[in-house]
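Chemist: Okay, here's the structure, questions in a sec.
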C-alpha cells in the first residue's frame with residue numbers, strides 16, 4: 001500500500017489530477033492482490049475488539065485505505081439500489097468492482113458546464129453504460145455526471161482526487177434537466193451549520209466570525225454569512241453588501257444589489 005501511495009504522489013507531482021487516470025494499471029494490480037481483503041479483515045478485528053477503527057475515516061459503509069491531501073483510496077459497500085437521478089462528480093476518480101454486480105452510466109456534462117453557476121437551461125449530453133469489473137472505470141468530474149445501478153450487494157474500490165468543484169448538481173435521468181445543486185464538500189456543509197449555531201447563540205465574537213466568512217471561497221458560504229450578519233449587526237451587513245456588489249459571482253452581485261435597495265429603504 002505504501003508503494004502505491006508513493007507512486008501516486010509522484011504522479012500527482014508530475015501531472016496533477018490526471019495522475020488518477022494514469023494509475024488505472026496500478027489500481028487494477030492492487031484490486032487483484034490480497035492487500036485489500038487483509039486490510040478490511042484487520043479493521044473488522046479492531047472494530048470487534050474495542051469498538052474503534054484505526055482507519056482515517058469509517059462511516060459504516062466505506063473504509064479509507066489510504067489518504068493524502070490530493071487523493072483518497074477507499075473500499076465501499078453498496079446495497080441493492082438504482083439511483084433515480086444523475087449526479088455531477090466533484091472529483092476525478094477510478095472505480096473497480098471487487099465483488100457483486102454494479103453498473104455505472106456516464107453522461108456527458110452540458111456544454112460549457114460551470115458547476116458554480118446553476119443554469120436551468122443546461123442539458124446533459126449523450127450517455128454510455130458500463131458494467132463495473134476488474135478494469136477500473138474512469139469517472140472524470142470535468143466531463144461526466146453519473147448514475148449507479150447495483151443489482152446485488154457489491155464491494156467497490158474507489159480512487160479519487162480531492163475536490164475540483166465546490167458543488168454537485170442533480171439532473172433528471174429522463175430529460176437531462178438540472179434539478180438542483182448542493183455543496184459538495186462535507187466541510188462546507190458543517191461550516192454552514194456552525195455559522196447558524198454561532199449566530200443563534202449570540203457568541204461574543206459572532207459578528208467578527210461572520211464578517212470573516214463573508215470572504216470565504218465558496219459563494220454560498222459568503223452569502224449565508226451576510227444573511228446571518230444582517231440579523232445581528234445591520235450596519236456591518238450593509239457594509240458587506242456594498243462590498244458584495246463587486247463579488248466575483250454574478251448571483252451574489254445581483255442578490256447584494258437587490259438586497260441593498262430593500263434594506264436601506266427600511267427604517268433603522
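Chemist: Starting from region 30-59, keep only residues that are farther than 21 Å from residue 71 by Cα, then list their pairs with residues that are modelled with pLDDT of 65 or more and part of a loop (DSSP other than H, G, I, E, B) whose Cβ atoms are within a distance under 8 Å, requiring at least 6 positions of separation or different chains.
Modeler: So the pair list comes out as 46/52.
Chemist: For residue 8, are the conditions met, namely being modelled with pLDDT of 90 or more and either under 18 Å from residue 155 (Cβ atoms) or not assigned by TED's automatic domain parsing to the domain that holds residue 67 (or both)?
Modeler: No, not satisfied.
Chemist: If I ask for residues that are over 20 Å from the mean Cα position of the chain (by Cα) and outside any loop (DSSP other than H, G, I, E, B), which ones from region 113-142 would you list?
Modeler: Scanning region 113-142 gives 127, 128, 129, 130, 131.
Every residue, every condition in (1) touching a strand residue (DSSP E or B) at 6+ places or on another chain (Cβ under 7 Å); (2) within 23 Å of residue 209 (Cβ to Cβ); (3) surrounded by 18 or more Cβ atoms within 10 Å (Cβ to Cβ), yes or no:
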site	(1), (2), (3)
158	yes, no, yes
167	yes, no, yes
180	yes, no, no
190	no, yes, no
196	no, yes, no
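One line per residue, one yes/no per condition, for (1) crowded, with 18+ Cβ neighbours inside 10 Å; (2) under 22 Å from residue 185 (Cβ atoms); (3) touching a residue at least 12 places away in the same chain (Cβ under 8 Å):
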site: 100; (1), (2), (3): no, no, yes
site: 136; (1), (2), (3): yes, no, yes
site: 140; (1), (2), (3): yes, yes, yes
site: 144; (1), (2), (3): yes, yes, yes
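Chemist: Go through 20, 82 for me and flag whichever is touching a helix residue (DSSP H, G or I) at 6+ places or on another chain (Cβ under 9 Å) and closer than 28 Å to residue 147 by Cβ.
Modeler: Just one listed residue meets the conditions, 20.
Chemist: Now for a different question. Does residue 206 count as outside the structural domain of residue 113 (by TED's automatic domain parsing) and touching a helix residue (DSSP H, G or I) at 6+ places or on another chain (Cβ under 8 Å)?
Modeler: Yes.
Chemist: Based on this model, can you work out whether residue 162 counts as more than 19 Å from residue 123 (Cβ to Cβ), under 13 Å from the mean Cα position of the chain (by Cα) and exposed (fewer than 14 other Cβ atoms within 10 Å of the Cβ)?
Modeler: Considered against the rule, which asks whether it is more than 19 Å from residue 123 (Cβ to Cβ), under 13 Å from the mean Cα position of the chain (by Cα) and exposed (fewer than 14 other Cβ atoms within 10 Å of the Cβ), residue 162 comes out as no.
Chemist: Criterion first (on the phi < 0 side of the Ramachandran plot, surrounded by 16 or more Cβ atoms within 10 Å (Cβ to Cβ), assigned to a helix (DSSP H, G or I) and over 21 Å from the mean Cα position of the chain (by Cα)) does residue 200 satisfy it?
Modeler: Spelling it out, it is not the case that residue 200 is on the phi < 0 side of the Ramachandran plot, surrounded by 16 or more Cβ atoms within 10 Å (Cβ to Cβ), assigned to a helix (DSSP H, G or I) and over 21 Å from the mean Cα position of the chain (by Cα).
Chemist: Identify, by number, the condition in (1) under 28 Å from residue 21 (Cα atoms); (2) in contact with a helix residue (DSSP H, G or I) (Cβ under 7 Å, 6 or more places away or on another chain); (3) crowded, with 18+ Cβ neighbours inside 10 Å that residue 259 doesn't meet.
Modeler: (1)
Chemist: Within region 32-64, can you find the residues that are exposed (fewer than 13 other Cβ atoms within 10 Å of the Cβ), under 12 Å from residue 75 (Cβ atoms) and at pLDDT 80 or above?
Modeler: 38, 41, listed by residue number.
Chemist: Which members of region 64-91 meet the condition of being assigned to a loop (DSSP other than H, G, I, E, B) and within 28 Å of residue 11 (Cα to Cα)?
Modeler: 68, 69, 70, 89, 90, 91
The values are calculated or read from the model by the stated rules, or taken from the named source; none is laboratory data. Every value quoted in this text rests on a predicted model; they were computed, and no experiment measured them. Here Cβ is always computed from backbone atoms with ideal geometry, including for glycine, and neighbour counts include all displayed protein chains.
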